[in-house]
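The values are calculated or read from the model by the stated rules, or taken from the named source; none is laboratory data. Keep in mind that what you see is a predicted model, and the values were worked out from it rather than measured. Glycine also receives a Cβ, built like all others from the backbone with ideal geometry; neighbour counts cover every protein chain displayed. What goes into the accessible areas is simple: the full protein's heavy atoms, side chains included, and nothing from ligands, DNA or RNA. Shrake-Rupley method; radii C 1.70, N 1.55, O 1.52, S 1.80 Å.
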Amino acid sequence: MKYIDEFQDPELARRLLDDIHATVTRPWALMEVCGGQTHSIIRHGIDQLLPDEVELIHGPGCPVCVTPLEVIDKALEIASRPGVIFCSFGDMLRVPGTGRDLFQVRGEGGDVRVVYSPLDALRIARQNPDREVVFFGIGFETTAPPNAMTVHQARKLGVRNFSMLVSHVRVPPAIEAIMSSPSCRVQGFLAAGHVCSVMGVEEYPELAERFRVPIVVTGFEPLDILEGVRRAVRQLERGEHTVDNAYARAVRPEGNPAARAMLEDVFEVTDRAWRGIGVIPDSGWRLSSKYRDHDAEHRFSVGGIRTQEPAECRSGEVLQGLLKPHECEAFGTLCTPRTPLGATMVSSEGACAAYYLYRRLDVPTTAAREASPVV
Ligand code: SF4
């Protein structure tokens, strides 16, 4: 069987696959929420090992991909200001804003620095008390705790020249938005294990019940994903819709209480725009009023920046699972990792980048699937 000998435990992989093949009797569409899972699926050919009846739809769980264009433009504006040191993880530097990216700002003389932790940015702020130091704080529930802790530290230490441009997003409201869409085809979810390791699973039973979808908390290794698919398919075939933790080695039901307490102290829930999708109510975090002095959006008065997404990029449909990346007209032609039109082609976790990297140019299109439905 292709790819399977590359799995960590090929025998276990075969057993899981045999179970899935023996269980499935009709078509099911599952969404893996996390971009890391998407890469693992495409890299290891997991979708091609599954029965034809099981379709994996790629979800919106890539933090770089869903950061809206207007937040990128705010970052570009702040990074261009004299006296500012703008710090970011490296994967944000090539994300296109309107007309340019952070690399170009650096080429034009802006002091844009790649850091590996928000605490690096705080250290830079302490070393440069006469400069404004800004950290670009994006991501899901996984990156939010260290960012929250850094802002907490900055306040505690009185580092007044440190601020954060925050665009954090939360998974459960995104699941709710996806399931509420009239065009939604998702029948079950592989929830992101690392998010649940922070937040626990308390928010999921209500969603599983309301939308009657199984939600299986799943890890990132190929075997984790096969196990998540196996459990989701079992539930679907039995007509069940419960929350099942298939990643118990990392996820406790209550998550990480210390991290959650830090999040509650530093952030407050807010509506958040997702790139290509639009505003999802209560889907984000912003700094709470207690930490307003460290809010870069407030400090640099960039809250009014509004921008339009490029019309040719269909990443919003990709992020909602309505379109496979190679079905976008620009895929591999106008849009490549060297010339990305959208964040899903830039980010290492983006679905478009995964398809390009692993040469997925020949998988059946959605239209083809609909024309030849599996019965
Ligand atoms: S291939 Fe490029 S243009 Fe098309 S959806 Fe992906 S990022 Fe956007």
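The table that follows gives values for the structure above.
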{"read-out": "Residue, farthest from Val66 (Cα to Cα), within segment 311-321, restricted to residues that are of a type outside the set (Asp, Glu) and surrounded by fewer than 21 Cβ atoms within 10 Å (Cβ to Cβ)", "value": "Ala311"}
{"read-out": "From Ala148, Ala121, Ala144, residue being modelled with pLDDT of 95 or more, in contact with a Cys (Cβ under 8 Å, 6 or more places away or on another chain) and either small (Gly, Ala, Ser) or over 21 Å from Pro63 (Cβ atoms) (or both)", "value": "Ala121"}
{"read-out": "Residue count, segment 9-32 (criterion: under 25 Å from the mean Cα position of the chain (by Cα) and open to solvent by 10 Å² or more (accessible area, probe 1.4 Å))", "value": "1"}
{"read-out": "Leading residue by the ranking (farthest from the ligand (Cβ to nearest atom)) among those in segment 293-321 that are among the aliphatic types (A, V, I, L, M) and in contact (Cβ under 8 Å) with a residue 40 or more places away in the chain", "value": "Ala296"}
{"read-out": "Elements of type strands (runs of 3 or more DSSP E) in segment 70-181, at least 3 residues being buried (at least 21 other Cβ atoms within 10 Å of the Cβ)", "value": "84-88, 132-139, 162-169"}
{"read-out": "Lone qualifier among Ala232, Ala208 - being in contact (Cβ under 8 Å) with a residue 60 or more places away in the chain and in a helix (DSSP H, G or I)", "value": "Ala232"}
{"read-out": "Of all residues in segment 322-350 being more than 6 Å from the ligand (Cβ to nearest atom) and open to solvent by less than 10 Å² (accessible area, probe 1.4 Å), the one that is modelled with the highest pLDDT", "value": "Gly350"}
